[in-house]
Structure formats: C-alpha cells, structure tokens
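Written below as structure tokens is the structure these notes are about.
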Amino acid sequence: MPDQLLFAIEVTLNGLMAGVLYSLVALGFVLIFKASGVFNYAQGVMALFAAMTLVGIQKGQVPFSHLINSILGTDLHYFGWHIPALIAIVLTAGVMVLFAWIVERFVLKHLVNQPDIILFMATIGLTYFMEGFGDLMWGPDLKKLDVGLAQGGSLWIEEHTAFLGGDGFYGFFIDKLDIAATVVAALLVTALIMFSQYTKQGRAMRAVADDHQAALSVGISLRFIWVLVWSVAGFVALVAGIMWGAKSGVQFSLSLIALKALPVLMLGGFTSIPGAIVGGLIIGVGEKLFEFSVGPLIGGATENWFAYVLALLFLVFRPQGLFGEKIIERV
Amino acid sequence: MKLKKLAAVTTAAVMMATPVLADLMFPSLSYRTGPYAANGTPVADGFADYYTLLNQRDGGIGGVMTRVVECETGYSTEKGVECYEATKGDGALVYQPLSTGITYQLIPKVTADGVSLLTGGYGRTSAANGDVFSNVFNFPANYWNGASHAVNHVLDVNGGDISGKSIALVYHNSAYGKEPIRTLEELAAKHGFSLSLLPVDHPGQEQKSQWLQIRREKPDYVFMWGWGVMNQVAIQEASNIRFPMENFIGIWWSGSENDVAAAGDAANGYKALTFHNVGTNFPVFDDIQKYVVDAGLAAGDGSNVGTVLYNRGLYGAMLAAEAVKAAQAIHGVADITPAMMRDGLENLVVTDESMEAIGMKGFGPNFAVSCENHGGPGLGAVQQWDATAQSWNMISGFEPSDMDVIQPLIDADSAAYAAENNIPSQCN
C-alpha cells in the first residue's frame with residue numbers, strides 16, 4: 001500500500017481513539033440533559049474536581065491544608081498514607097455522589113419549575129464555585145495522576161504493521177492509553193445501558209427522561225432521580241478526568257475539555273448516549289483527517305474550528321443532531 | 001451628633017489606613033487562579049519572597065521598606081489592565097505583568113503615565129529598542145534571543161554545521177507562539193536548515209495530529225513555544241512517539257518542573273532555554289530559608305523555593321530591586337518616584353560583583369542597560385531535565401544570541417511602531 005494511504009489510515013485510527021475521549025466528556029452532558037433538560041455547564045469542572053480528588057485521596061493529601069495552615073499556623077500537608085488506585089477511585093466516586101446530593105439539596109431543589117435557562121445559569125455559577133473550591137481544597141499545583149494505565153505507542157502494533165508500507169512507514173502508531181480509554185468507554189457505555197434497562201432505578205431514570213409529569217404521577221421521586229443522574233454524571237466525569245488527566249497531569253486546564261464535547265453534542269444530539277459515542281467518533285476522525293489532508297495547505301491548527309464547522313453543518317440539515325429527539329412545540 | 005461621630009470614626013479610619021512611612025511599592029500582577037495557576041503561583045511566591053527577604057534582612061532597599069501589592073489577573077488581559085489601573089496611583093514603581101497580552105495593553109498606558117514595565121523573557125520583543133519604547137524594558141532576554149539560543153545550541157551539538165538538518169517548531173497558536181517564526185526563518189536561511197511549523201490551538205490538550213506529523217516527517221530537532229497544559233501534553237506525546245528528548249528544546253516558558261511532571265521518567269533529557277540559573281545552590285536561598293520561610297513569612301508553603309518558576313519570580317524581583325538601588329544612587333534619594341525608577345532601570349548594570357553582593361553570583365547573566373538598548377545583550381543558557389534526580393541542570397553558560405540577525409528585526413519592528421504612533425527619538 002502507498003505510504004500516504006497508510007498514514008491516512010493511521011490518522012483515522014487515532015481520530016477514532018481521540019473521538020472516544022471526546023465521547024467520554026460528552027456522555028456526562030447527555031445524561032444530565034436527558035434526565036432533567038439541564039445543560040450542565042459544570043461538567044468539565046466536575047471532571048477536574050473528580051481527578052483532583054482522586055489524586056488527593058490516593059496520595060493522602062490533607063484537604064484545605066493551605067487554609068488550615070494559614071489559620072492555625074500548622075504545617076499539615078499529607079496524612080502519610082498512599083491508597084491503591086482502585087480504592088481511591090471508589091472513594092472518589094463516593095465523593096461525587098456526595099457532591100450530587102449537595103447540588104440537588106442546595107441548588108436544584110430550589111429551582112424546581114424554573115425555566116431551563118435559570119437552571120443553566122445555576123450550573124454556570126456552580127462551575128465558578130467549583131473552580132475556586134477545588135483550588136482551595138487541593139491546591140492549584142499540577143498533580144501527576146498515576147492509576148497504572150500504560151502510555152506510549154504500542155510497539156507490538158508498530159512491529160506487526162510495519163510490513164504494510166515502505167521504508168518511510170514505521171507501522172501504525174496507537175497510544176496504549178487510547179486503547180485503554182476505548183475499552184473503558186465501551187465498558188462504561190455497556191454498564192450505563194444495562195443500568196438503565198435492567199434496574200428499577202435505571203427505569204425510573206428513563207421514565208423521568210421521557211416525561212417528568214408522568215413519572216411523578218406514578219410515584220417516582222424527581223429529587224432522588226436528580227441525585228442519581230448527577231451521581232452517574234459525576235462518575236462519568238471521574239472516568240473522563242482520569243483519561244485526560246493521565247495525559248496532561250491534573251490541573252485547571254482539565255476543565256476546558258468540555259469545549260471538546262460541545263461539537264460532539266451538537267452533532268450527536270443532546271439526549272442520546274449512542275449519539276455521544278457516534279458524534280465523538282465522527283468529530284475525532286473528521287478533525288484529524290482534515291488536519292492531515294488540508295491542514296498543511298492552510299497553516300494547520302484546524303482541529304478546533306473544524307469540529308465546530310462540522311457540527312454546524314449537521315445542525316443545518318438536522319437541528320436535533322444525529323440521534324437527538326425532534327422537538328415539536330405546538331402553539 | 002451621630003454625623004459628627006461618623007465623621008470622627010471615618011477620619012480615624014482613613015488616618016489609620018494611610019501609610020505613615022514611605023515605602024517602595026512593587027505591584028505583583030499574579031495569577032494564582034485560572035488555567036495557568038500552577039505556573040503563576042510559584043512565580044508570584046518567588047517575587048514576594050524576595051522583597052520579604054529585603055525587608056527582613058536589610059530593612060528594605062536603601063533604608064526604605066518595600067511593599068508588594070498583589071493583584072490577581074487570572075492570566076486575563078482585561079483583569080491585568082484593571083489591576084494596573086487599580087494600583088498605579090499607589091506609587092507603583094515598575095510593573096511585571098507576566099503576560100504578553102497584558103504587556104501589549106500596558107505599553108501605551110505606562111508610557112503616558114510615566115511608570116515602567118519590565119517584561120523579562122516575554123512581551124513585545126522590539127521593546128528592546130529604548131529609543132522608541134522609553135518606559136518598557138525586556139532584559140535580560142527576549143523571544144528572538146531565545147530562538148537564536150536554541151539554534152546556537154543545535155549548532156554547538158553539531159560542530160557548527162546544521163545545513164541540511166530539519167527543525168520543527170511546535171508552537172502555541174497565538175501571538176506569543178508565533179513570535180520566534182520570523183527569527184527562525186532568517187536563521188534557517190543563514191544556516192541552511194529546513195523549518196516546519198506546527199501550530200497547536202489553545203489550550204493544547206489534544207496534539208495527536210502534530211505529533212503524528214512529527215513521527216512521519218522525523219525532523220532532527222523539535223523546538224517548542226508552549227505554555228501551560230500544552231507543554232505537558234507535548235512532552236508526553238514526544239515520549240509516546242519515542243522522539244529523542246535531547247533533541248527536543250523548549251523556550252523558557254516550556255521548561256519548568258510542571259512541564260515534565262506528567263511524563264515522569266519519559267521526560268528525562270528534555271531541554272529548555274533559560275535566562276537565569278536553576279536550583280538553590282546560591283547564598284540567597286539560605287537567607288530566604290532563614291528570614292522568610294523559617295520565619296513563617298513565605299508567600300507559599302516554602303515547597304516551591306528553588307523551582308524554575310519560583311526562581312524566575314525571584315530573579316525578576318531582584319532585577320527591579322537592583323534598579324531601585326541604581327535610581328537611588330543617580331538621584332541621591334532613597335524614597336524614589338516612578339520616574340526615578342525608570343532612570344534606574346535604564347542605567348542598570350549587573351556584574352559578578354553586584355550579584356555576589358546579594359548572594360546570587362552566577363544566578364543570571366551580566367549585562368548593562370542603556371537608553372538605546374532596553375533589552376541587554378540577550379544572553380541565555382540551556383538547561384536539561386534529569387528525571388532520576390528530579391532536577392534541572394544547566395548544561396551551558398549564558399551565551400550570546402545572533403544579534404546580527406535579531407537587531408535588524410528589532411529595528412524594523414520598532415521603527416514601524418514609532419511611525420505608527422508618531423513617537424520621536426527618546427535618546428537624542
């Protein structure tokens with residue numbers, strides 16, 4: 001095969017992997033939007049907060065140590081333990097459940113029956129609060145996230161594909177972290193589908209997503225469902241935070257990964273889990289192939305805007321996104 | 001009666017709030033929050049700790065205490081300008097805004113207000129021409145010097161001949177990231193290497209396309225003009241494709257402990273440029289430990305002392321403090337004004353003797369500032385990361401840059417600015 005074609009295949013494969021990472025972020029948005037009609041602006045910062053909490057718990061960091069030391073004149077930083085990654089992930093998931101409960105108790109509960117835009121504004125406020133709160137709790141320094149995920153190009157894949165091309169082709173480059181992210185994302189989506197199809201709470205969640213009023217009339221607690229949905233979205237944020245944080249370290253910029261999810265949501269639809277996955281894959285492949293083929297001709301750095309252009313094109317022809325529900329409002 | 005009481009209380013409060021003693025005010029436009037907080041915090045700590053040291057150890061500068069007024073910018077240009085407006089009336093002597101965006105906004109403002117701007121290693125490169133930019137200083141080095149330092153290092157490694165070699169520039173797709181391109185193009189023509197440009201969009205969390213391209217094209221060297229998360233991801237991606245780290249050279253804003261942390265051992269051998277020394281092996285750090293950290297007066301918890309970005313904040317504070325001494329000597333006044341401070345900056349001379357006197361001999365290059373040259377000679381060095389020892393090591397001294405290439409670029413850019421803004425010669 002010509003090397004140029006092999007390179008295009010390599011870019012496509014890496015685009016698919018990048019798309020999976022975008023989908024992970026988009027999933028959190030979809031879950032909350034589907035169940036409550038709220039576009040959760042705080043989803044990105046939830047990923048940051050979850051990753052910071054995970055590292056903090058794992059390393060035994062004293063939360064709010066800077067504040068405590070400033071007030072009490074102490075010199076506390078670490079408890080002196082190191083918790084295995086798996087236990088730390090479980091504990092962090094617990095913190096995200098607590099976070100969901102607090103959000104419901106102190107924010108959402110007071111906004112029942114308010115227009116969607118009010119709820120959206122509330123999540124913007126939540127974002128800024130969480131940014132500051134996370135900094136205060138765990139400090140603004142960059143934290144290395146180590147949960148045992150392998151990184152770097154897979155030598156096995158390179159060696160076993162090098163024969164496909166000429167001297168200028170060194171085999172396909174696939175990052176081991178991206179492979180892990182794909183497996184985790186597949187497991188996560190399977191678990192979410194199983195949960196929503198085969199558990200009482202999952203079915204209640206779907207009922208609320210379909211029709212709030214009808215769900216309430218059969219005795220489903222809206223408040224419980226909100227806590228449940230925000231907890232699941234918090235867990236998804238934790239998974240996204242782990243995958244992205246393993247690449248760049250855990251730092252404030254992690255919250256900006258939400259920007260990568262927006263075109264995915266526009267393309268896939270705000271209410272569809274498969275839409276988030278397919279949308280992510282299309283955006284990932286599309287932006288990488290565009291950068292590969294057209295980027296060098298126009299100076300590069302096309303990925304960010306191309307993703308939005310692609311999403312806008314879809315909006316023109318299918319405003320609800322690929323898998324979104326068509327909203328018909330009668331007057 | 002109530003009004004009288006209120007007036008008396010207000011008067012008392014105002015009197016208490018008004019500083020009775022003279023002081024030397026240094027605004028610190030810091031960013032301890034926002035996307036670059038991990039970098040902004042150690043810089044702000046180093047800056048503040050140096051003035052605390054001067055107050056505690058020396059009783060200030062020339063007998064006048066120093067005062068640092070910190071204003072949070074969050075690395076936002078708008079907030080940076082707000083900080084400037086909020087602090088300039090408080091006797092601010094010199095601004096070090098730690099942001100090229102804020103610098104560009106402040107250049108006309110400081111010039112009109114008679115305050116000075118010191119932007120070591122960032123900002124507008126052509127501000128080195130003091131004949132045009134009367135109140136802006138960018139010693140000891142600027143981005144164009146940095147581009148030349150990187151090429152000079154590659155020349156050194158290759159015995160002075162890099163014709164036929166290929167260099168890729170991975171850069172933040174912003175005005176900052178594009179700064180070295182013109183200089184590198186000139187240097188490519190001069191030395192016969194090929195240059196490819198790989199922009200990365202803000203914030204730089206996703207760089208797979210750029211590093212796949214590097215893997216395909218296999219350049220001999222990669223230079224990086226990055227900031228924040230872009231650096232960490234780039235170093236990780238470079239290790240992923242097994243690009244030789246010793247051939248990967250970052251500008252000084254891509255060479256801190258934060259930048260190599262995420263990649264762990266894989267970052268071993270990565271190089272970065274610098275215009276000041278690394279580590280704590282200087283007497284000034286003993287004094288910081290004794291008078292600042294142990295005394296519980298450190299701006300942070302002391303854990304940042306000696307890191308690259310802490311040292312950069314400390315170095316910037318030291319240069320401003322030395323300029324105060326120069327201003328005090330010129331004008332024979334201890335409590336100097338912003339206008340006197342400008343004179344001090346313009347007559348600053350850094351020598352081995354002056355650096356030894358403050359416990360920092362060899363910490364930065366020796367240089368002299370003049371009316372025409374606000375950038376100094378543009379000396380810079382190369383540092384390399386040792387992942388085993390978890391430390392940066394200097395692998396060169398402070399070497400000159402190719403001013404034959406850079407000076408005409410500075411002259412041309414500053415002349416265009418002068419013509420555009422109708423600025424007459426400042427030095428005649």
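Each helix, a run of at least 4 DSSP H residues, gives -39500 (n - 2.57); summed and divided by the residues of chain A, these come to -23000 deg cm²/dmol at 222 nm.
With the convex hull of its Cα atoms as the shape, chain B has an orientation-averaged projected area of 22.8 nm².
Each eigenvalue of the Cα gyration tensor of region B:143-274, multiplied by 5 and square-rooted, gives one semi-axis; in descending order these are 21, 16, 14 Å.
From its DSSP helices (H runs of at least four residues, each -39,500 (n - 2.57)), chain B gives a residue-normalised ellipticity at 222 nm of -13000 deg cm²/dmol. Give me the lysines in straight-line cross-link reach of B:Lys361: C-alpha distance below 21 Å, same-chain residues under 8 apart excluded. The reachable lysines, counting only those whose Cα sits under 21 Å from B:Lys361, are B:Lys290, B:Lys325. Working value for region A:104-149: equivalent-ellipsoid semi-axes of 31, 12, 10 Å, each the square root of 5 times a Cα gyration tensor eigenvalue, largest first. Principal axis analysis of the Cα atoms in the protein assembly as shown yields extents of 89, 85, 56 Å, listed in decreasing size. For chain B, none of the cysteines stands unpaired, since each has another cysteine beta carbon under 4.7 Å from its own. Bridgeable lysines around A:Lys59 (alpha carbons under 23 Å apart, same-chain partners fewer than 8 residues away excluded): A:Lys143, A:Lys144, A:Lys247. Legend: helices of chain A (whole DSSP H runs) are marked when their alpha-carbon atoms reach 20 angstrom or more along the helix axis and their mean Kyte-Doolittle hydropathy is at least 1.0; marked are A:3-36, A:43-59, A:85-106, A:116-138, A:176-198, A:222-248, A:273-293, A:303-317. Set the Förster distance to 51 Å, then compute FRET efficiency between B:Asn158 and B:Cys427 from the Cβ-Cβ distance, nearest 0.05. Computed FRET efficiency for B:Asn158 and B:Cys427: 0.80.
Per-atom-type breakdown for the protein assembly as shown gives carbon and sulfur 61% of the accessible area (1.4 Å probe, protein chains only). Reported to the nearest whole Å, the Cα centre-to-centre distance from region B:380-414 to region A:208-247 is 52.
The GluC sites (Glu not before Pro) of region A:259-331 meeting both criteria, a DSSP state outside H, G, I, E and B (loop) and at most 15 other C-beta atoms within 10 angstrom of the site's C-beta, are A:Glu325, A:Glu329. The magnitude of the dipole of region B:143-274, with charges of +1 and -1 set on the Cβ of Lys/Arg and Asp/Glu and taken from the Cα centre, is near 280 debye.
When DSSP beta bridges are restricted to pairs lying wholly in the protein assembly as shown, around 35% turn out antiparallel.
Electrostatic tally near A:Asn304: other residues with Cβ closer than 14 Å to its Cβ, Lys and Arg +1, Asp and Glu -1, net -2.
Counts of other chain beta carbons within 10 angstrom of each beta carbon in peptide A:242-251 average 6. Counting Cβ atoms of other protein chains within 10 Å of each residue's Cβ and taking the mean over peptide B:238-248 gives 2. Over all distinct Cα-Cα pairs of chain A, the Kirkwood formula returns a hydrodynamic radius of 21.3 Å. Seen from B:Ala387, the other residues with C-beta closer than 14 Å to its C-beta sum to a net charge of -3, counting Lys and Arg as +1 and Asp and Glu as -1. Exposure here means at most 10 other Cβ atoms within 10 Å; with trypsin sites (Lys or Arg not before Pro) in a DSSP loop as sites, the longest stretch of chain A lacking them is A:1-325.
From the alpha carbon centroid of region B:159-203 to that of region A:48-98 is 42 Å.
Give, to the nearest whole percent, the P(r) tail of region B:30-109 beyond 23 angstrom, counting all Cα pairs. In whole percent, the long-distance tail amounts to 25. Spatially, region B:88-150 and region A:261-331 are offset by 42 Å when compared through their Cα centroids.
In straight-distance terms, cross-link reach from B:Lys88 covers every one of the lysines whose alpha-carbon lies under 18 Å from its own, apart from those fewer than eight places away in the same chain; here that gives B:Lys79, B:Lys109. Taking other residues whose beta carbon is less than 10 angstrom from the beta carbon of B:Leu409, and scoring Lys, Arg as +1 and Asp, Glu as -1, yields -2. Rounded to the nearest 20 debye, the dipole size of region B:47-130 about its Cα centre is 220 debye, using +1 on the Cβ of Lys and Arg and -1 on the Cβ of Asp and Glu.
Kindly work out what percent of the DSSP beta bridges joining two residues of chain B are antiparallel, to the nearest 5. Approximately 30 percent, going by the DSSP bridge assignments.
Inter-chain neighbour count for A:6-18: the average number of beta-carbon atoms from partner chains within 10 Å of each residue's beta-carbon is 2.
The values are calculated or read from the model by the stated rules, or taken from the named source; none is laboratory data. Keep in mind the model is a prediction, meaning the values are calculated, not measured. Note that each Cβ is placed from the backbone with ideal geometry, even for glycine, and that neighbours are counted across all protein chains shown. Heavy atoms of the whole protein, side chains included, go into the accessibility calculation; ligands, DNA and RNA do not. Shrake-Rupley method; radii C 1.70, N 1.55, O 1.52, S 1.80 Å.
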